[in-house]
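Structure first, then comments.
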Amino acid sequence: MAMTPRLDQRQSQTLVMTPQLQQAIKLLQLSNLELAEYIERELETNPMIDVDEDDRREPEAADAAAESPPGGEPESLQAVDFESIDPAAATPDATDVDYDNVYSGDGPDATADGPLQASAFADIGGGGFDTLAPSFEETLSEKPSLRDHLIGQLTMEIADPVDRLIGPHLIDMLDEAGYVAGPLQTVAETLNCDIGRIEATLKKLQQFDPPGIFARSLAECLGLQLADRDRLDPCMQTFLDNLDLLAKRDFKGLAKACRTDAEDIADMIAEIKTLDPKPALAFDHGIAQPITPDVLMRPAPGGTWFIELNSESLPKVLVNNQYYARVSRQARSKQEKQYITEKFHSANWLVKSLHQRATTILKVATELVRQQNGFFANGVQYLKPLVLRDIADAIEMHESTVSRVTSNKYIATPRGIYELKYFFTPAIAGTGGHTHSAESVRHRIKSLIDAEPTKKILSDDKIVDILKTEGIDIARRTVAKYRESMNIPSSVQRRRDKSALG
């Protein structure tokens with residue numbers, strides 16, 4: 001075949017990510033604080049954008065998002081498709097939502113897991129990432145808050161969805177020294193959960209950094225730190241159990257209680273002095289900034305839920321049509337006209353992107369509440385198995401869109417404030433095509449063991465048989481794994497322990 005130059009014409013389809021579309025996608029994954037920060041920067045660079053601080057909108061501004069500048073609007077602004085980042089979902093599928101009637105409880109789907117009512121405000125503000133260099137103040141170091149430090153560990157170290165729901169409650173109970181200040185029963189009542197489940201979660205959180213955190217007493221705080229150093233032997237535990245003797249400087253009584261001599265007591269005192277009785281003091285304890293939820297949820301008449309976006313947490317972004325009309329008439333050069341048109345396009349795109357963002361968050365949150373209605377109505381043991389695809393299929397969006405929406409977005413519920421992603425939990429197969437939440441299975445295993453008679457201890461195999469009669473298809477090794485995760489001994493050890501107690 002001869003190698004000669006030639007001119008060919010080909011037709012092909014490609015997915016092009018415009019800067020505006022990239023901004024719209026990034027808007028979806030930002031928290032409300034990040035959005036507010038970006039709005040401030042946009043106000044400084046785009047004269048066509050305005051913020052309605054008093055929520056009093058000019059008639060022209062109220063319709064700005066629907067208007068186009070002379071010469072027409074770019075076609076890409078007609079429909080903001082957050083799914084177009086995914087090649088499998090490249091077909092635009094923007095959906096208009098009537099904010100006053102989304103899942104109003106009137107349709108056939110309203111009674112699936114509990115009817116819902118949803119609403120939102122159309123003038124939600126927002127923004128996205130940009131490439132501006134950080135200011136000098138933004139480069140200064142800052143002490144992390146204790147809450148941020150612990151939430152980060154909770155997200156990274158704890159996979160169990162129920163532990164991730166209980167964790168924020170326990171974190172919020174810590175005092176400035178890092179001790180749990182308050183009864184655990186309060187959390188159990190809020191979540192309608194067994195107190196033993198709360199204590200099991202607390203045990204896991206006590207392994208977090210700094211060592212000694214989440215203790216309920218000075219002795220427990222010191223013990224956690226010693227355990228972290230692998231120095232908590234029985235003699236040292238006895239020493240900690242008798243700290244009152246140390247306070248009285250009764251060294252002979254302390255030596256007698258520990259069954260050791262004065263030299264060992266002196267060594268243990270020296271080791272105790274190297275510990276930190278207030279492990280949280282190293283962290284920033286300024287005024288704690290409460291989490292601002294993106295979605296609000298409250299009971300509605302008839303046993304339903306009313307869900308809406310928290311519009312008060314964000315400024316209202318408007319397009320200043322009056323200013324645009326004035327400066328466009330005064331523009332003389334081609335450069336001036338091009339600059340004005342570009343800024344107007346950018347402002348309209350931002351408002352439309354924020355509207356789509358609000359619609360998407362509302363749809364995802366509403367469907368999430370619908371599918372986890374059992375948890376909100378009855379407690380943590382009714383948490384359903386749920387994955388991203390379940391929500392994505394229900395609202396006809398891509399999984400990546402749901403993933404972006406559920407990260408860094410919080411919902412205020414009657415059972416506390418949670419990040420949306422906390423409600424996803426793996427499933428355990430059941431008979432008849434039914435599935436069960438992993439946590440509900442753990443709760444059932446614990447209930448069976450707690451109720452077992454002293455002379456009829458349940459083996460893991462027996463628990464498997466019982467669960468199968470209840471429609472839960474589970475392997476013996478899975479039962480053993482769940483039992484060990486709850487710090488429940490084996491059947492052999494439980495039999496010995498109960499026999500010893502008589």
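The values are calculated or read from the model by the stated rules, or taken from the named source; none is laboratory data. Since we're looking at a predicted model, the values are computed, not measured. We place every Cβ from the backbone using ideal geometry, glycine too, and count neighbours over all the protein chains shown.
Filtered by the rule that a residue be touching a residue at least 60 places away in the same chain (Cβ under 8 Å), under 18 Å from residue 184 (Cα atoms) and not hydrophobic (A, V, I, L, M, F, W, C), segment 198-211 gives a lone residue, 203. Every condition in (1) in a helix (DSSP H, G or I); (2) modelled with pLDDT of 80 or more is met by residue 138 except one, and the failing one is (2). The C-beta contact set for segment 173-194 (first residue over 15 Å from residue 216 (Cα atoms), second residue among the acidic types (Asp, Glu) and not in a strand (DSSP E or B), distance under 7 angstrom, 6+ apart or interchain) comprises 188/194. Determine, yes or no, whether residue 385 is modelled with pLDDT under 85 and more than 21 Å from residue 33 (Cβ to Cβ). The answer is yes for residue 385.
The residue that is farthest from residue 196 (Cα to Cα), among those in segment 471-494 that are surrounded by 14 or more Cβ atoms within 10 Å (Cβ to Cβ) and either charged (D, E, K, R) or outside the structural domain of residue 441 (by TED's automatic domain parsing) (or both), is 473. For residue 199, state whether it is touching a helix residue (DSSP H, G or I) at 6+ places or on another chain (Cβ under 8 Å), under 30 Å from residue 414 (Cβ atoms), charged (D, E, K, R) and not in a helix (DSSP H, G or I). Spelling it out, it is not the case that residue 199 is touching a helix residue (DSSP H, G or I) at 6+ places or on another chain (Cβ under 8 Å), under 30 Å from residue 414 (Cβ atoms), charged (D, E, K, R) and not in a helix (DSSP H, G or I). Taking residues in segment 240-266 that are outside the structural domain of residue 215 (by TED's automatic domain parsing) and over 21 Å from residue 224 (Cα atoms), and partners anywhere that are among the charged types (D, E, K, R) and surrounded by fewer than 11 Cβ atoms within 10 Å (Cβ to Cβ), not one pair has Cβ atoms closer than 8 Å while being at least 6 places apart or on different chains.
Within segment 460-502, track down each residue that is assigned to a helix (DSSP H, G or I) and among the acidic types (Asp, Glu). Give the steps one after another, and end with the answer.
We begin by selecting, within segment 460-502, every residue assigned to a helix (DSSP H, G or I); these are 460-469, 476-485, 491-500.
460, 461, 465, 484, 497 - these are the residues of segment 460-502 that are assigned to a helix (DSSP H, G or I) and among the acidic types (Asp, Glu).
Looking across segment 141-163, the residues that are in contact with a Ser or Thr (Cβ under 8 Å, 6 or more places away or on another chain) and modelled with pLDDT under 85 come down to 160, 161, 162.
Look at segment 367-379 and say how many of its residues are β-branched (Val, Ile, Thr) and either free of Cβ contacts under 8 Å to residues at least 12 places away in the same chain or surrounded by fewer than 24 Cβ atoms within 10 Å (Cβ to Cβ) (or both).
Step one: of segment 367-379, the residues β-branched (Val, Ile, Thr) are 369.
Cutting the leftovers down to either free of Cβ contacts under 8 Å to residues at least 12 places away in the same chain or surrounded by fewer than 24 Cβ atoms within 10 Å (Cβ to Cβ) (or both) gives us none.
Qualifying residue count for the region: 0.
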